[in-house]
1. Exactly one of (1) crowded, with 17+ Cβ neighbours inside 10 Å; (2) over 29 Å from Ser120 (Cα atoms); (3) at pLDDT 70 or above is unmet by Asn60. Its number?
2. Would you be able to tell me the number of residues in the range 7-55 that are closer than 27 Å to Ser120 by Cβ, touching a residue at least 24 places away in the same chain (Cβ under 8 Å) and touching a Lys or Arg at 6+ places or on another chain (Cβ under 6 Å)?
3. Answer yes or no: is there a residue in the range 23-44 that is farther than 21 Å from Met1 by Cα and modelled with pLDDT of 70 or more.
4. Can you tell me how many residues in the range 9-39 are in a helix (DSSP H, G or I) and loosely packed, with under 15 Cβ neighbours inside 10 Å?
Amino acid sequence: MFQFHRILQYALPRQESQRPFFWIFMDNLLLTEDDQETTTRFLQTEAVTLQDVRGRDYQNAMRVWSNIPGLKSKHAPLTPKEEEYLQAQVRSRSKLDAPKVDLLVKNCLLPLREYFKYFSQNSLPL
């Protein structure tokens, strides 16, 4: 997380720049509570837990810190029971079994498509 924060500081455009800059930091539910608090403090935004819901099962969840517009409004916080279930799923997952997060990431980035579609028709915000 600290390396991500460092790179983010180098990559941020100057304040007078009107160019949009979006970033995303993902955690596959492996960070401890202390690490989550530190990440929230450094990235200056709250985490959102994205989950793939298939029927009644939660699968392939991840925590995301991001400045992507509309990302936080789409996802409700997990209940403690859901969080516990997902943590157990992460612990039982073998290291060779890579989680399928591509759909979650795709859904996470969909708000950007709408953002750029709107601002390509209108002027960029000042």
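The values are calculated or read from the model by the stated rules, or taken from the named source; none is laboratory data. None of these values were measured; they are calculated from a predicted model. With ideal geometry, Cβ positions are generated from the backbone for all residues, glycine too; neighbour counts draw on all protein chains shown.
1. All conditions are met except number (3).
2. Of the residues in the range 7-55, 1 are closer than 27 Å to Ser120 by Cβ, touching a residue at least 24 places away in the same chain (Cβ under 8 Å) and touching a Lys or Arg at 6+ places or on another chain (Cβ under 6 Å).
3. No, every residue in the range 23-44 fails to be farther than 21 Å from Met1 by Cα and modelled with pLDDT of 70 or more.
4. Summing the residues that are in a helix (DSSP H, G or I) and loosely packed, with under 15 Cβ neighbours inside 10 Å in the range 9-39 gives 7.
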